[in-house]
Amino acid sequence: MATKLLLTFAICRLIVTVGLTLEPTELLRLGLTVDPFDVESASVDFGLMTKVEPLAVLRPSSAKDVAQLVKAAYESSHGFTVSARGHGHSINGQAQTGTGVVVQMSGVGSGGKPRVWGGDMYVDVWGGELWIDVLKSCLAYGLAPKSWTDYLYLSVGGTLSNAGISGQAFHHGPQISNVHELDVVTGKGELMTCSKEQNPELFHAVLGGLGQFGIITRARISLEPAPQRVRWIRVLYSNFSAFTKDQEYLISLHGNQKFDYVEGFVIVDEGLINNWRSSFFSPRNPVKISSLGSNNNGGVLYCFEITKNYHESTAETIDQEIEALLKKLNFIPTSVFTTDLPYVDFLDRVHKAELKLRSKGMWEVPHPWLNLFVPKSKIADFDRGVFKGILGNKTSGPILIYPMNKNKWDDKSSVVTPDEDVFYLVAFLRSALDNGEETQSLEYLTNQNRQILKFCDEDGMKVKQYLPHYKTQSEWKEHYGSKWDRFQRMKMKFDPRHILASGQNIFTPTFLSSSNMMVMDIPIPIKQKARESIDF
């Protein structure tokens with residue numbers, strides 16, 4: 001009883017601070033909390049490069065809870081922001097806010113379980129549901145979503161607010177191209193259902209919209225029959241031109257005579273070839289970069305990852321299909337590595353790497369990641385200037401590189417991609433370590449990211465950031481280019497007070513520019529007193 005009274009007291013102070021019109025008991029019923037553990041968890045993310053404490057955290061049990069909170073923010077006399085947070089896997093504080101409430105969408109009891117419609121081949125899922133749980137629910141019906149991310153411990157709403165990409169995107173498109181319908185809470189607190197036919201403006205704006213137009217509370221995801229097993233193959237290249245030519249050839253194939261997953265990564269560090277996803281390489285017989293002819297290529301190797309899905313009933317034909325496809329590729333003949341595994345194990349492969357890193361204390365460290373979409377016409381220049389230039393021979397993490405077909409992306413969505421038929425994802429997934437090595441420090445890697453972006457700009461590459469991060473609105477305008485005017489119109493229509501996803505730093509909340517608002521002077525002492533009350 002004493003704890004509840006103290007929490008009510010803390011929320012009363014919060015109500016006074018931001019001008020909420022709801023009663024304390026109503027906020028408690030919704031799940032609003034100022035518990036220090038919840039606030040601390042919501043103040044950081046996977047990037048571990050920023051820390052911003054919210055005024056409070058909401059743990060919703062339904063879309064109505066989210067809508068009621070956002071409506072309260074929209075109607076608040078003083079104003080406060082609302083940021084949706086899934087699994088907290090953002091890099092630069094995109095889901096944080098220091099002037100409002102973080103809605104913790106993922107967690108036990110949030111939103112209900114996925115509902116699979118086997119006959120219609122789709123699944124309805126809560127916006128905070130993790131993709132790993134979506135997969136498990138669908139597999140019970142012999143089905144699975146078509147398009148994935150490499151890491152399944154991400155929320156549905158989080159990936160759909162960006163795009164959601166992996167090695168299937170060349171064929172199925174990103175995850176946002178495989179959505180039938182959404183339920184969205186707009187910045188006015190309105191709970192709206194939208195699709196290509198119903199409220200299409202909101203539907204297209206939200207997909208890839210970085211949380212600017214609404215909070216996704218339900219998504220209807222397209223499904224397909226799930227394969228049982230995967231043949232996972234890796235081959236190595238020392239010639240970048242041959243590497244990209246083969247990748248581009250494979251993503252041009254259609255029908256059954258194709259691979260189901262096409263990715264690749266760059267190896268500039270001798271250690272990574274044996275350590276990253278090391279199940280492919282024998283520790284008793286480590287592979288040497290120098291033994292594969294890379295010395296004449298700037299010391300760089302390129303690894304091509306491809307898979308073929310199959311059922312146990314068709315296992316007899318899989319060898320012939322793969323052999324026919326591999327014959328047309330120009331990889332290093334002695335570099336073929338192959339493994340077979342269950343479909344779910346392949347999709348969840350990165351989680352195993354996570355567990356290994358956690359056991360070594362190397363997971364909860366800063367992650368200065370940089371993800372770029374590079375036009376096909378400039379990828380060779382990027383190779384020369386970055387892989388064989390700026391990086392040196394140290395990477396501090398994997399570097400993914402694979403092409404995608406632009407015609408698999410819906411241009412009506414909010415995502416921006418290079419204006420070419422084929423473009424590459426280049427993802428620098430580095431971890432900063434405080435181990436005394438300069439090339440692994442956060443400062444060194446952050447500065448290297450700046451060098452890469454500067455090189456791209458000076459070379460006129462017209463790259464686009466994926467999971468973008470900018471500090472000024474002028475940079476955002478340049479990022480969105482011809483889409484900016486529409487993006488801004490949709491913001492004014494669906495979030496006119498600019499209260500949603502303020503951590504993206506695209507729009508300033510309108511209440512912060514009002515001279516008569518004192519909210520910026522109040523939050524920190526109020527939060528401190530609230531916590532003192534709870535701790536007491």
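Within straight cross-link reach of LYS188, meaning Cα distance under 20 Å, which aspartates and glutamates are found once same-chain residues fewer than 8 apart are removed? Qualifying aspartates and glutamates at Cα under 20 Å: GLU23, GLU26, ASP65, GLU75, GLU201, ASP495.
The distance from the alpha carbon centre of the stretch 428-453 to that of the stretch 38-109 is 29 Å, rounded to a whole number. What GluC sites (Glu not before Pro) in the stretch 170-243 are in a loop by DSSP, with at most 11 other Cβ atoms within 10 Å of the Cβ? Answer in residue order: GLU197.
Model label sites at ASP381 and GLU197, defined 7 Å from Cα along the beta-carbon direction, differ in position by 4.6 nm. Each label point was placed 7 Å from the Cα along the Cα-to-Cβ direction; for LEU453 and ALA324 their separation is 4.7 nm. Projecting the Cα positions of PHE373, SER396, SER335 onto the charge dipole of the stretch 229-465 (unit charges on Cβ atoms of Lys, Arg, Asp and Glu, taken about the Cα centre) puts SER335 furthest along the positive direction.
Structural descriptor for the stretch 229-465: relative contact order 27 percent, calculated from alpha carbon pairs under 8 angstrom and at least 6 residues apart. Given a Förster distance of 51 Å, report the FRET efficiency between LYS352 and SER513 from their Cβ-Cβ distance, rounded to the nearest 0.05. For R0 = 51 Å, the calculated efficiency reads 0.60. Accessible area per residue for the stretch 118-218, computed on protein heavy atoms with a 1.4 Å probe, is 27 Å².
Between MET362 and SER474, the contour length at 0.36 nm per residue exceeds the Cα-Cα span by 36.7 nm. Using a cut-off of 28 Å between Cα atoms, the listed pairs LYS113/LYS146; LYS71/LYS406; LYS71/LYS462; LYS113/LYS464; LYS146/LYS394 include LYS71/LYS406; LYS71/LYS462; LYS113/LYS464; LYS146/LYS394 as exceeding that distance. Restricting the stretch 432-513 to trypsin sites (Lys or Arg not before Pro) that sit in a DSSP loop and have at most 15 other Cβ atoms within 10 Å of their own Cβ leaves LYS471.
Amide H to amide H distances under 5 Å link LEU32 with ARG59, where only residues 5 or more positions off or on other chains count and H is placed in the peptide plane. Site pair LYS64 and THR314 shows an inter-label distance of 4.6 nm when each label is modelled 7 Å from Cα along Cα→Cβ.
The values are calculated or read from the model by the stated rules, or taken from the named source; none is laboratory data. Please read these numbers as outputs of a predicted model, since none were measured by experiment. With ideal geometry, Cβ positions are generated from the backbone for all residues, glycine too; neighbour counts draw on all protein chains shown. All accessible areas refer to the heavy atoms of the entire protein, side chains included, with ligands and DNA or RNA removed. Shrake-Rupley method; radii C 1.70, N 1.55, O 1.52, S 1.80 Å.
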